[in-house]
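All remarks here apply to the structure that follows.
The values are calculated or read from the model by the stated rules, or taken from the named source; none is laboratory data. Everything numeric in this text was worked out from a predicted model, so none of it was measured. Cβ placement follows ideal geometry from the backbone for every residue including glycine, while neighbour counts extend to all protein chains displayed. Just the protein is used for accessible areas: all its heavy atoms, side chains included, with ligands, DNA and RNA removed. Shrake-Rupley method; radii C 1.70, N 1.55, O 1.52, S 1.80 Å.
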Amino acid sequence: MKRSPVRLALPLLSGALLLTACPGEPPIPIDVPSSPAVLNGTWKGTLQSSIDVRDAAWGDGHVYVLQQELATPEGLPMAFFPFTNPKVRPALVVLDAASGAELRRLDLEGSELHALRFRAAEPGQPARLVLLRSAVLVTGAPASTVLSELDPVTLEEMKQSTLPGTIWEYRLSTDGRWLISGSLTAQETRTLQPATLPQPVQDELAKPQDYATRNTSWDYGEQFLRVATRSAGTQTTPWTTRLFSVTTGQAFGGAAQHPLACTTFAWEALTEPTGMVNLPDGGAALAYRDGTVELRGPDDRLRRTVDLGDCLGHTLRVDGDVLTFAVVEENELQLGTLRVSDGQVLSRRSAATTSPFQYPPLEAEGTALMARPRWRVGIPLVELQQVTGAGWRLEKETHTLHLDTRATWTSKTEYSSVGEAWLDGERLNFAATVHSGTMEFRPQATAPVPPSWQGTLSRLDGTVVARVQGTHWNTEAQQAVMLELQDPEHDFAFNGLLKP
């Protein structure tokens, strides 16, 4: 994450090139130094942190980020970066929700991270972070699927449960109260006992599934059981959807009860809501793709409609008498609040965003929290926006690398590349030896198979401060490079492109 650049003393970069080719084929010639892909001349670029954000959660004024840093550049097979046992550094990072500043972190070495939720405090039960991960608990044994409960203040593990099966068989509900296995089985994360459900919901779950005529799933943050049914017939037979509240057991029809408010869309915009939440009085709020929010009573009767006027379907969240709504279209976040009791829009704003979420996750106090999927280039790791206008972005750390080097042909199996390097402006010595593998170097053919090189950055006393590796493709004049810092106090893996 964003920190001061690492400053290095004069190190030496040296390495070896591994190449791949089909057995039995004649060597493919590569001109040295005239081929544009050869490590020769001036190369410049920015290397970006290789952090993968697996999940993020909000609670009690903090944002909790589940991140994993992997020393493998985006889109490049591990075979082209032949370091043995590439480092993976998983961690749980706590950020201040007001500013995004890092407060503390918990290293989770040896874990494959899967999901993180904040489970709010209940009577007699403190708040907990619920973490789903895969970990080796006994040396030499296969990895186990683990459900952990952490103190959200100290990050101390308060409880650990080993689950049968693989981690991919499980997921956590949005509020962290349920552990869901398969498609429908829900257990309380606190006790691992079956979740307590209203009788109408239990009755629906007890009915047999028939994917041709009946589909059942948890939906809208697991607040509702979605039951879609249709009579037996052709595939064009329409579906009817009912939504059962897991809080009250009340059933709501999925189809809209208002006329189409936006002519941009056909009737399909009113078949099912894009967002839905339980209201405090037992009713529900449903958002549709024509920009309309329906406020219904516990009897499923329409009480009020609110036309937001943007022809978009929104995500919803309710806190007391305040309903938050949000949607992202064309990299612009629309975020606002309205009063449930009378439908009055209270606040609204637009914000430029690089979020890939069409329906962004919503938190309390009119907040949208967006954690980016792995390997998204050029966008923040985490972004928080609020309807009040306050927000922040957690950017990736970057390093600049500049090589000025000359390649010299030595033999059919080897060439050297020697010159200077600048890492974040610090002048370094550069030297690399490139071996042909199954290729053939000749002084003064173009390689259709991507070569790759690797090396180290070391201080004068021999201390290794970083490893670097790269590859190039065909005749393209660019090097795909990854820099791996050895200092455990800093983000260690960075990748990017160097160009002449």
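How big is D for the range 144-260, in µm² s⁻¹ as a whole number, if Stokes-Einstein is applied with the Kirkwood radius of its Cα pairs at 25 °C and 0.890 mPa s?
151 µm²/s
Which whole-number percentage describes the relative contact order of the range 382-429, with Cα contacts under 8 Å and a sequence gap of 6 or more?
Contact order relative to length: 27 percent.
Could you sort 380-390, 399-409 so that the peptide with the highest average Cβ count within 10 Å comes first and the rest follow in order?
380-390, 399-409
Place a +1 charge on the Cβ of each Lys and Arg in the range 156-222 and a -1 charge on the Cβ of each Asp and Glu, then give the dipole magnitude about the Cα centre in debye, rounded to the nearest 20. Intermediate results must be reported in sequence, preceding the final value.
Values: 6 positive and 10 negative charges, 20 e Å.
Dipole about the Cα centre, nearest 20: 100 debye.
Order R317, R289 by their accessible area, 1.4 angstrom probe, all chains in place, largest first.
Numbers: R317 70, R289 90 Å².
Descending accessible area places them as R289, R317.
Taking all protein chains together and a probe of 1.4 Å, list F357, F325 from the most accessible to the least accessible.
If we order F357, F325 from most to least accessible, we get F357, F325.
For a quick check of understanding: with a 1.4 angstrom probe and all protein chains in place, what accessible area in square angstrom does W58 have, to the nearest ten?
40 Å²
Let me make sure I get this right: for the range 84-195, a, b and c are the square roots of the gyration tensor eigenvalues over alpha carbons, sorted descending. Under 1.5 in a/c it's rounded, otherwise prolate if a/b > b/c, else oblate. Which is it?
On the way: a/c = 1.81, a/b = 1.02, b/c = 1.77.
Oblate, since a/c reaches 1.5 and b/c is not below a/b.
Could you give me D for the range 112-162, from Stokes-Einstein at 4 °C and 1.567 mPa s, where the hydrodynamic radius is the Kirkwood radius over C-alpha pairs? Units µm² s⁻¹, please.
111 µm²/s
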